[in-house]
Amino acid sequence: MAITKVLLTGASGYIGGAVLAQILKSNHDDVRISALVRSSEHADIIRNLGVESILFKGLDQLDLIKASASEHDLVISCASAMDLPSCLALVEGLAQRRASTGTDVHYIHTSGTLNFGDHPITGKSFLGIRTDKDDIFSWEKETQDDWLLRKVDIGITEAGLRFGVKTYIVNPPIIYGIGNGPIHKQSLQIPALINLSLGFKQAVVLGDGHGIWTIIHISDAARLYDVILQKFLQKQPIDSGRKGYYFVEAGETTWKIISQAIARAGHSQGLFASAELKQLSPETFVESLGIPFLNAGMVEVIWGSNSRIKGIKSRELGWRPEVPIGIFADSIVEDFNIISQNVSA
Ligand SMILES: NC(=O)c1ccc[n+]([C@@H]2O[C@H](COP(=O)([O-])OP(=O)(O)OC[C@H]3O[C@@H](n4cnc5c(N)ncnc54)[C@H](OP(=O)(O)O)[C@@H]3O)[C@@H](O)[C@H]2O)c1
């Protein structure tokens, strides 16, 4: 039996950890997984799951990243949607593998639906509902100077076409729920909003919070990566390259609904004086958040925009969301409880 060697980045993270847990749960006996990790503590935890850990200094160590990829048939990238050089090193490493084995090689990249977010506060209006059947590649190519993630998607896709590496871009929307990966188990956007709200002792919302976003539970998002892996194992070709975009979604919410759930959690626990929302401008939001590389325009997209998608092609692969959307509000409370306990500890 031929063994497929899979390399994972971001295995200690929320998405990568859940992808790792999903692949291990599927128990493919013809798959060996390795993970690039940057701490020996994480390496030990991951090794204990039966996964080979490769220690590296970080995404800047391009030679090691490329050499690692050259030893694998399929790479799943969950470390950064923004870091093009490391992604290109992975693609080039896979191209070396193809040259030495003569077999197909594949690269699955985690991007995001920030790519489709608008600027409802400062003016640019709703960009429409995108589906993964649309020509996302051409649209991203035309507009790539407006948003870094689009540039990364395009760079990867074009490198894949140049080097004969089959690329797939997975665009998750807001991912919610506690992850089942081995290390980091909480998402980004909702937990950041909770942290900010705890700082103000009142639930915050950016602008009027009317922006609509698509949502997906972490376990449903992680399953798509495994579905793509299974297609590879079963030698069933699927769209890649320019047509290799896949969306995961299960429903929609608004930023106001999210902030209201945070307000109820904080107020019922006596941490917030009221359940009213505090409206922040993008400038105040970015200042309070204190993340150096973010500016007002970026936070407007990340926490205030409309970003709406439909995953048609992902469903055609056999993927379906399984987690009932009704648990969404409870999952915000779960996030809130973990974060508020950590803050008060
Ligand atoms: N969560 C979402 O809702 C969502 C939705 C769409 C897209 N995305 C994108 O998907 C990516 C992963 O998200 P996530 O939620 O899984 O984030 P996360 O929990 O912060 O995980 C990030 C992972 O990448 C690794 N990493 C980050 N920077 C690195 C560096 N410079 N060198 C080496 N390893 C590095 C981290 O390793 P350490 O443990 O060593 O830090 C960790 O394993 C991000 O780019 C994010 O923007 C996230």
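Laboratory data are not the source of any read-out in this text; all were calculated from the coordinates shown. Note that the structure is predicted; figures quoted are calculated from it, not measured. No Cβ is skipped: glycine too gets one built from the backbone with ideal geometry, and neighbour counts run over all protein chains shown.
Just a few scattered comments:
- The label point for Gln269 and the one for Gln236, both projected 7 Å from the Cα toward the Cβ, are 4.3 nm apart.
- Long-range amide H partners of Thr167 with built H, under 5 Å: Tyr107, Gly241
- Farthest toward positive dipole pole in the chain [+1 Lys/Arg, -1 Asp/Glu at C-beta], among Ser39, Leu224, Pro282: Leu224
- Within-11-Å neighbourhood charge of Pro85 [Cβ basis; K, R +1; D, E -1]: -2
- Loop-located GluC sites (Glu not before Pro) in region 288-345, at most 10 other Cβ atoms within 10 Å (DSSP): Glu322
- Distant-in-sequence amide contacts of Ile212, defined by a placed amide H-H separation under 5 Å and a gap of 5 or more residues or a different chain, comprise Asn306, Ser307.
- Proximal charge balance of Ala296 [Cβ under 10 Å; K/R count +1, D/E count -1]: -3
- Kirkwood-based shape ratio for region 1-91, expressed as Rg/Rh from alpha carbons: 0.94
- Across the chain the C-alpha pair distances fall into 20 Å bins from zero in the proportions 31, 58, 11, 0 percent.
- For Val343, Val37, order by how many other beta-carbon atoms lie within 10 Å, fewest first: Val343, Val37
- The packing ranking, built from the mean of other Cβ atoms within 10 Å per residue, places the peptides 22-28, 242-248, 99-105 in the order 242-248, 22-28, 99-105, highest first.
- Placing unit charges on the Cβ atoms only, positive for Lys and Arg and negative for Asp and Glu, gives the chain a dipole magnitude near 480 debye about its Cα centre.
- Going from the fewest other Cβ atoms within 10 Å to the most, the residues Trp303, Trp319 appear in the order Trp319, Trp303.
- Alpha-carbon centroid distance for the pair region 55-79 / region 263-336, whole angstrom: 31 Å
- Difference of contour (0.36 nm per residue) and Cα-Cα distance, Ser288 to Thr103: 61.6 nm
- Ratio Rg/Rh, restricted to region 74-193 and using Cα atoms, in which Rh is the Kirkwood radius: 1.01
- Rg/Rh for region 1-46, where both radii come from Cα atoms and Rh is the Kirkwood radius: 0.99
- Filter on Lys25/Lys243; Lys141/Lys310; Lys185/Lys231 - keep pairs with C-alpha separation over 22 Å: Lys25/Lys243; Lys185/Lys231
- The string of couplings for region 273-280 from the Karplus curve (6.51, -1.76, 1.60, θ = phi - 60°) is 5, 9, 9, 6, 8, 9, 7, 10 Hz, one whole number per residue in order, with x for Gly and Pro.
- Packing-based exposure ordering (other Cβ within 10 Å, fewest first) of Trp213, Trp147, Trp139: Trp139, Trp147, Trp213
- Whole-number percent relative contact order across the chain, with pairs defined as alpha carbons under 8 Å at least 6 apart: 20 percent
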